[in-house]
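Have a look at the structure below, then the notes.
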Amino acid sequence: MSHVSSLRCKECSREYPVEALNVCDFCFGPLEVVYDYDSITKVTSRERIQSGPNSLWRYADYLPAEHNPTVDLNAGFTPLLRSRGLAERLGLKELWIKNDSVNPSYSFKDRVVAVASAKALELGFDTIACASTGNLACAVAAVAARGGMKAYVFIPSDLEAGKVLGAAIYNPTMVSIDGSYDDVNRLCSEVADQYPWAFVNINVRPFYADGSKTLGFEVAEQLGWRAPDHVVAPSASGAMFTKIYQGFKEFELTGIIDDVHTQMHCAQARGCSPIATAYQEGRFVIRPVKPNSVATSLAIGNPADGYYALKVIEASNGSAVITEENEVAEGVKLLAETEGIFTEGAGGVAVMGLKRLVETGKIKSDESVVVYITGNGLKTTELVADVVNPLHIEPSVEAFEIAMAERMGSQRSE
Amino acid sequence: MAAIEKVRFTFLDRLIKEPVIYRIGRDYDVVTNIRRADIQEGIGWVILEIEGEQSAIDQALGWARSLGVRVDPAVGDVVEG
């Protein structure tokens, strides 16, 4: 049973019915889902959650849509791994890695799309759509294929073919748009206004965004019903970052975990860092930027939830950190070499952001830390293509031994 | 063709003193309706609705951009990773 009571403007608090709406008619502020927490508290318990499915739907009491198997790809409930190699490298005693790169279409977007698509069906839509440069397109196309829904995926025409393959394979209607990043944004806003579709991150965005709360719920459950001292998460629109914290706070509010003291740290890449720049300049006004980053999944120049991400940082006594563009691939490689997890650029941004937070003393060695890895590296292999450097030999043991000796010699001299 | 757009203007430094919204109403025959704003030292933004012929809106926004005003959709970017 849904415990949603209404939608509400985050700016002026006007209330709206639970429909496909995302903007307040009066102040154009974003709408959010309002829950009846008394009602949730009456039914929720650790046991009830643990007896639920091994997916994000075990937290259905806290979500704005009913579980609908038609569009369920079993997203969520991804591994939380205790780090050894990376923790040792960074000098941390309790580091955890939330590996959300192993979702059905290989990113955390499967969570938000799972909730958005279930809600879209409840609201009577037969078509879902999105504007994306990668992960979101994959998630929308996959869930539509699973649920027999029509899918429209809008992409910039200059996107590398490899990035769209993961979406194209599910056979959505893919629309490649000529023009600048701003042109693509504008067209998609206009299309969303004119067509009767569930545009997952536009008209059903309030429901979509709440799918990311499960990243907070899961970590709290997997840590043995507690929130960590620190979270480090990559951020683009700021929505996921704010919703992780909301997840912890909702568990606290409904009695599932004790007081939350988590400090939330947002990581962005230098080439697109409007949230982190505002934080570092000590202001709450986001200055939109033109994205120019190798961490393409974080390339949102005008982040819809940037202001709210800054408020979460303030409320949690957290921070924002910028990873230099030439460090992104280094972060990807560091995670792969120390933990066996191959992430995309956003993960590299988070790992190097974590490293900086430790170096600057914001995170102490004996504190518990969770770093969120939200996308899979196999979609963006060009970022780290230089790692391919095999021993190339003739088919003989002698050739192998010579090559090994040369390799070991060169490693010793480095 | 008549149209309505919801946009966010971001002004930096010297542009805060410019009557940009007044001028796009006067010079491009569009109706502007401010819904929310925040002006601080060195930076400010205004979220407004602009109504008029689509071509007039396009010209008005183009002129604002040429001055150095950053023009974005009021709801933020919709293209995600």
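Across region A:180-225, which residue is surrounded by the fewest Cβ atoms within 10 Å (Cβ to Cβ) among those that are touching a residue at least 12 places away in the same chain (Cβ under 8 Å), more than 21 Å from the chain's Cα centre (by Cα) and more than 10 Å from chain B (Cβ to nearest Cβ)? The qualifying residue surrounded by the fewest Cβ atoms within 10 Å (Cβ to Cβ) is A:P196. I'd like to know if region B:18-38 contains one or more residues that are of a type in the set (K, R), within 18 Å of A:R287 (Cα to Cα), away from chain A (no Cβ under 12 Å) and assigned to a helix (DSSP H, G or I). There is no residue in region B:18-38 that is of a type in the set (K, R), within 18 Å of A:R287 (Cα to Cα), away from chain A (no Cβ under 12 Å) and assigned to a helix (DSSP H, G or I). Looking only at residues in region A:268-291 that are among the hydrophobic types (A, V, I, L, M, F, W, C) and not in a loop (DSSP other than H, G, I, E, B), the one that is surrounded by the fewest Cβ atoms within 10 Å (Cβ to Cβ) is A:A278.
Yes/no matrix, rows are residues, columns are (1) at pLDDT below 95; (2) closer than 23 Å to A:K364 by Cβ; (3) of a type outside the set (G, A, S):
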residue: A:S180; (1), (2), (3): yes, no, no
residue: A:N201; (1), (2), (3): yes, no, yes
residue: A:S212; (1), (2), (3): no, no, no
residue: A:P234; (1), (2), (3): no, yes, yes
residue: A:Q246; (1), (2), (3): no, no, yes
residue: A:L253; (1), (2), (3): no, no, yes
residue: A:V260; (1), (2), (3): no, yes, yes
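Between a first residue in region B:63-81 that is facing chain A (nearest Cβ under 7 Å) and in a loop (DSSP other than H, G, I, E, B) and a second residue that is aromatic (F, W, Y) and surrounded by 20 or more Cβ atoms within 10 Å (Cβ to Cβ), which pairs have beta carbons less than 6 Å apart while being 6 or more apart in sequence or on different chains? As it stands, the answer is B:A74/A:F28, since those pairs meet every condition given. Do we have any residue at all in region A:367-386 that's assigned to a loop (DSSP other than H, G, I, E, B), hydroxyl-bearing (S, T, Y) and over 21 Å from A:A236 (Cα atoms)? No, that holds for no residue. The single condition among (1) farther than 24 Å from A:F284 by Cα; (2) within 14 Å of chain A (Cβ to nearest Cβ) that B:G44 does not satisfy is (1).
Residue count for region A:10-24 satisfying the condition of being touching a strand residue (DSSP E or B) at 6+ places or on another chain (Cβ under 8 Å) and in a loop (DSSP other than H, G, I, E, B): 10.
Confirm whether A:V294 is crowded, with 24+ Cβ neighbours inside 10 Å and either more than 9 Å from chain B (Cβ to nearest Cβ) or assigned to a helix (DSSP H, G or I) (or both).
In short, no.
The values are calculated or read from the model by the stated rules, or taken from the named source; none is laboratory data. Note that the structure is predicted; figures quoted are calculated from it, not measured. Neighbour counts are summed over all protein chains in view; Cβ atoms, including those assigned to glycine, are modelled from backbone coordinates with ideal geometry.
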